[in-house]
1. Hey, Gly46 hits all of (1) part of a loop (DSSP other than H, G, I, E, B); (2) modelled with pLDDT of 55 or more but one; which does it fall short on?
2. For the range 46-98, how many residues meet the condition of being of a type in the set (Val, Ile, Thr) and within 30 Å of Asn119 (Cβ to Cβ)?
3. Name every residue in the range 75-122 that is among the β-branched types (Val, Ile, Thr) and open to solvent by 80 Å² or more (accessible area, probe 1.4 Å), in order of residue number.
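The values are calculated or read from the model by the stated rules, or taken from the named source; none is laboratory data. Remember, predicted model here, so these are calculated numbers, not experimental data. Positions of Cβ are backbone-derived with ideal geometry, glycine not excepted, and every protein chain shown enters the neighbour counts. For the accessible areas, the whole protein counts, side chains as well, though only heavy atoms, and no ligand, DNA or RNA atoms are used. Shrake-Rupley method; radii C 1.70, N 1.55, O 1.52, S 1.80 Å.
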Amino acid sequence: MSQNNLARKKYNNFYNGNTNKKKNINSTEKISLSLSKFEKVLLVTGSVIVFTLMLCLVGEKISLSNHSTSLQSVENSLNKVNSDNNYLKQEIGELESGNRLQSVAKKANLSLSNKNVRNVNK
């Protein structure tokens, strides 16, 4: 029963009110929606937050690049010091060799007595 009443209301509204007006199905109507104060504040706040985060991201990328360059220069100087240390260790080994010690002793007119030699390890 209630369905019949609903159908009559729709039928009466369609034919009674809209007989003089023609509806254009393809026409587009411009509808403007206004934003509430809350929506405007939310939009502005969100935009400020996004802009701030973008600036922070760019700043952090620049900082990361600077630290990376600094790290690279420290690594290069560390590699140079390590190579210098290796060179000096090799030179110490050559200067401590037995043949060299004997040649220095001969130049100074010294003799080597094995019973007086002690080995000391560091």
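1. The number of the failed condition is (1).
2. Here is the first cut: in the range 46-98, the residues of a type in the set (Val, Ile, Thr) are 48-50, 52, 58, 62, 69, 74, 81, 92.
Subsequent filtering for residues that are within 30 Å of Asn119 (Cβ to Cβ) retains 92.
Result for the range 46-98: 1.
3. Just the residues of the range 75-122 that are among the β-branched types (Val, Ile, Thr), to begin with: 81, 92, 104, 117, 120.
Ile92, Val120, listed by residue number.
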